[in-house]
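J.: One structure, pasted below without further comment.
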Amino acid sequence: MMGLFDDMMDGARIAKGFFRGIKSTFRFISKNAPKAMNFAKKQSKSISKQVDKFNKKS
């Protein structure tokens, strides 16, 4: 009976660490997502400018 209880405690410990990992990953994404979005917007703007230049030449 004690073996089962120990297994359950180990499972809880593993789950706790797993959720902590998810939480820190989510925090990292939520911090860096705005930067990534701004970067993507800048990239798409510069690409559209290049496309406009190309269209004017042809």
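J.: Dipole of the stretch 1-48, Cα-centred, from +1 at each Lys and Arg C-beta and -1 at each Asp and Glu C-beta, to the nearest 20 debye? Can you show the working numbers first?
T.: On the way: 10 positive and 3 negative charges, 146 e Å.
For the stretch 1-48, the charge dipole is close to 700 debye.
J.: Taking the chain on its own, what percent of its Cα-Cα pair distances exceed 14 Å?
T.: Working: 1224 of 1653 pairs.
Tail of the P(r) past 14 Å holds 74 percent of the pairs.
J.: In addition: At 0.36 nm per residue, minus the direct Cα-Cα distance, what do Lys45 and Ala15 gain on full extension? Give it in nm, one decimal, please. Walk me through the numbers on the way to the answer.
T.: Details: separation 30, 0.36 × 30 = 10.80 nm, distance 4.36 nm.
Working it through step by step, the gained length comes to 6.4 nm.
J.: Per residue, what accessible area does the chain have, given a 1.4 Å probe and all protein chains present, in Å²?
T.: On the way: 5800 Å² over 58 residues.
About 100 Å² of surface per residue is accessible.
J.: Of all accessible surface on the chain at a 1.4 Å probe, what whole percent is carbon and sulfur?
T.: Values: 3930 of 5800 Å².
Carbon and sulfur together cover 68 percent of it.
J.: Number of Lys pairs in the chain with C-alpha atoms less than 19 angstrom apart, excluding same-chain neighbours closer than eight positions?
T.: So the count works out to 11.
The values are calculated or read from the model by the stated rules, or taken from the named source; none is laboratory data. Given the structure is predicted, the values throughout are model-derived calculations rather than measurements. Ideal geometry is used to build each Cβ from the backbone, glycine not excepted, and the neighbour counts take in all protein chains shown. Just so you know, the surface numbers come from the protein's heavy atoms only, side chains and all, with ligands and any DNA or RNA stripped out. Shrake-Rupley method; radii C 1.70, N 1.55, O 1.52, S 1.80 Å.
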